[in-house]
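A quick write-up on the structure given underneath.
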Amino acid sequence: MRMLAAVAALTAGSLIAATPMIRRLDGSRISTAEAETYARRILTEARVTGAQVAVVDRGKLVWSAAFGMRRREPALAMETGTTTWAASITKSVFATYAMQLVERGQFSLDVPVAKQMAQALDRYEPYRETAAELVRDPAWPKLTPRHLLSHTSGLANFAFLEPDKKMRLAFAPGANYRYSGEGINLLQFVIEQKYGRNLDGLMQEALFTPLQMASTGMTYRADFAANIADRYDAQERFIAQTRRSPARAAGSMTSSAEDLARFAIALMNGKLLKPATRTRMFAVQIPIRTKQQFDLEAKPESAEATQVGLAYGLGWGLLTKTKFGPAFFKEGHGDGAQTYLICFSKQKSCMILMTNSDNGERTFRPLMEKIFGNTVTPWEWEGY
């Protein structure tokens, strides 16, 4: 089915610095008209049901557009303000919130998790069935929030992926990189216990309301109903409505490309964290040399990863030595939701891609390279 025409971002108010040209990372330029035509073609050919694209340059949003459909039956156009499942980009936004607590001295990265809770983890109802073996591990008392944020805890991505569906450490905390949504959700639990409040309210107050991220929430809200994206598979068949609940730091957030641009701009301009705290968040916690993100074997090492200085900081993937300078990034992947955000610190430039389709990742490389000039993302490692 042919994609609907792109919806120009005419309602973004003062956020957009109107410009007919997009400056790529290498300094060359592409017109917004050419970018829109190219994006529409690539997305149509890949059968991406709906998408949002936003580009930030020098700390300002310079282009935002929406393509295709947020819902097929009835046919409703994707808009720049449509709330869309951000999937694992949630982790990095949550990490930024956690670093706000650290900055204010209200949370510690290096006090072990076990010491930041009132009782043993397996005595809490959510972990009673899954954490008994974990808390008996001699390495458990050494596990810290720093390990959880940097994906060096040793926990599996999720406990249900383990053969017995129990939480366990595959290695000593800090020894290796192993992507873990389970670890991010555990950190959420620690913070919620400390403050006696749910994460959705905490992050709404700290980030979404102050930044006027009206399309963003950690859980579904009734005010999203009029403009929210359904999710579709690779054959453009309906998967589900987007009604995420309860709040999960590993991936429940819904948002829009423009809202994530607001977030990224505020982060780069020092509105969310002091420069020293931001530097701590983006400091290398562990270098990554695997050929693919979920490949735990680092031999042989990936030349691609080594070339760009691939690493993980606190909640963010890092490229530490590209020809465009350092970058921070996060991808999201869920059923009918594939997303990507990358920012280059020196230029304060970002590109954000949000889709409600299982075909979204097929378009990320051509869109990034043609429109943004991003030729340094380690695509093999990403598995796109």
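The values are calculated or read from the model by the stated rules, or taken from the named source; none is laboratory data. Nothing here was measured: the structure is a model prediction, and the numbers come from that model. Neighbour counts are summed over all protein chains in view; Cβ atoms, including those assigned to glycine, are modelled from backbone coordinates with ideal geometry. Each accessible area value is taken on the protein alone, full model and side chains, heavy atoms only, with ligands, DNA and RNA left out. Shrake-Rupley method; radii C 1.70, N 1.55, O 1.52, S 1.80 Å.
Which FRET efficiency value, to the nearest 0.05, do you get for Tyr195 and Tyr38 by plugging their Cβ-Cβ distance into 1/(1 + (r/R0)^6) with R0 = 51 Å? Can you show the working numbers first?
Working: r = 46 Å, r/R0 = 0.90.
My answer for the efficiency is 0.65.
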Inset, instruction - Work out the charge dipole of the stretch 219-347 with +1 on the Cβ of Lys and Arg and -1 on the Cβ of Asp and Glu about the Cα centre, then indicate which of Gln292, Thr277, Ser255 is farthest towards its positive end. - result: Thr277
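Could you pull out the longest piece of the chain with no exposed loop trypsin sites (Lys or Arg not before Pro) in it, calling a site exposed if DSSP puts it outside H, G, I, E, B and it has at most 12 other Cβ atoms within 10 Å? Write down the numbers at each step before the final one.
Details: sites that count: Arg2, Arg58, Arg104, Arg128, Lys165, Arg197, Arg237, Lys271, Lys323, Lys346.
Formally, the longest exposed-site-free interval is 3-57.
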Inset, instruction - Could you work out which residue, out of Ser302, Ser28, Ser349, moves most in a Gaussian network model of the chain, that is, has the largest mean-square fluctuation with Cα springs under 10 Å? - result: Ser28
Inset, instruction - For the stretch 342-359, take each phi angle, set θ = phi - 60°, evaluate the Karplus expression 6.51 cos²θ - 1.76 cosθ + 1.60, and give the result in whole Hz per residue in order, putting x for glycine and proline. - result: 9, 10, 10, 5, 4, 8, 6, 10, 9, 9, 10, 10, 10, 9, 10, 9, 6, 9
Legend entry - Leading residue at positive end of dipole, the stretch 318-360 (Cβ point charges), from Ser357, Leu319, Gly332: Leu319
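Per residue, how much accessible area does the stretch 37-144 show when a 1.4 Å probe rolls over the protein heavy atoms, in square angstrom?
Result: 39 Å² of accessible area for each residue.
Normalise the Cα radius of gyration of the stretch 62-126 by 2.2 N^0.38 Å (N = residues in it) and let me know the number.
1.86
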Legend entry - Reachable aspartates and glutamates, given that their alpha-carbon falls under 12 Å from the alpha-carbon of Lys91 and they are not under 8 places away in the same chain: Glu182, Glu331
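At 1.4 Å probe size, with every protein chain present, just tell me what the per residue accessible area of the stretch 324-378 comes to in Å².
On the way: 1330 Å² over 55 residues.
Result: 24 Å² per residue.
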Inset, instruction - Would you work out the charge dipole size for the stretch 268-372 about its Cα centre, treating the Cβ of every Lys and Arg as +1 and the Cβ of every Asp and Glu as -1, and quote it to the nearest 20 debye? - result: 700 debye
Inset, instruction - Between Thr96, Thr219, Thr84, find the one with the highest GNM mean-square fluctuation for the chain; connect C-alpha pairs within less than 10 Å. - result: Thr219
Inset, instruction - Report, as a whole number in µm² per second, the diffusion coefficient that Stokes-Einstein gives for the stretch 295-374 at 10 °C and 1.306 mPa s using the Kirkwood radius over alpha carbon pairs. - result: 116 µm²/s
Legend entry - Table column - 3J(HN,Hα) (Hz), the stretch 114-123, Karplus curve with 6.51, -1.76, 1.60, x for Gly and Pro: 4, 7, 9, 10, 6, 8, 4, 4, 6, 8
Legend entry - Projected label distance in nm at Phe171 and Asp137, using a 7 Å step from Cα toward the beta-carbon: 1.2 nm
Legend entry - Helical mean residue ellipticity (222 nm; -39500 (n - 2.57) per DSSP H run of 4+; nearest 500) of the chain: -6500 deg cm²/dmol
Legend entry - Stretch in the chain that is longest and holds no GluC sites (Glu not before Pro) that DSSP places in a loop and that have at most 14 other beta carbons within 10 Å: 130-296
Legend entry - Span from the the stretch 189-243 Cα centroid across to the the stretch 306-356 one, whole angstrom: 21 Å
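Per the 1.4 Å probe, what fraction of the accessible area of the chain, in percent, lies on carbon and sulfur atoms? The partial results should precede the final answer.
Values: 7760 of 15520 Å².
Accessible surface attributable to carbon and sulfur in the chain totals 50 percent.
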Inset, instruction - Using the charge dipole of the stretch 129-238 (Lys, Arg: +1 at Cβ; Asp, Glu: -1 at Cβ; taken about the Cα centre), state which of Gly174, Ala132, Leu149 has its Cα farthest towards the positive end. - result: Gly174
Legend entry - Charge dipole (debye, nearest 20) of the chain; +1 at Cβ of Lys and Arg, -1 at Cβ of Asp and Glu: 860 debye
Inset, instruction - Calculate one ³J(HN,Hα) per residue across the stretch 134-149 by plugging θ = phi - 60° into the Karplus curve 6.51 cos²θ - 1.76 cosθ + 1.60, and present them in order as whole Hz with x for glycine and proline. - result: 4, 6, 8, 5, x, 7, 3, x, 9, 6, 10, x, 4, 5, 5, 5
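May I ask you to give the average projected area over all directions of the convex hull of the Cα atoms of the stretch 204-344, in nm² rounded to one decimal?
Working: hull surface 41.8 nm².
Projected area, direction-averaged: 10.4 nm².
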Legend entry - Under 19 Å from the Gln307 label point (7 Å along Cα→beta-carbon), backbone N, the stretch 351-366: 364-366
Inset, instruction - Grab the Cα-Cα distance for Ile239 and Arg58, subtract it from 0.36 nm times how many residues apart they are, and report the gain in nm with one decimal. - result: 61.4 nm
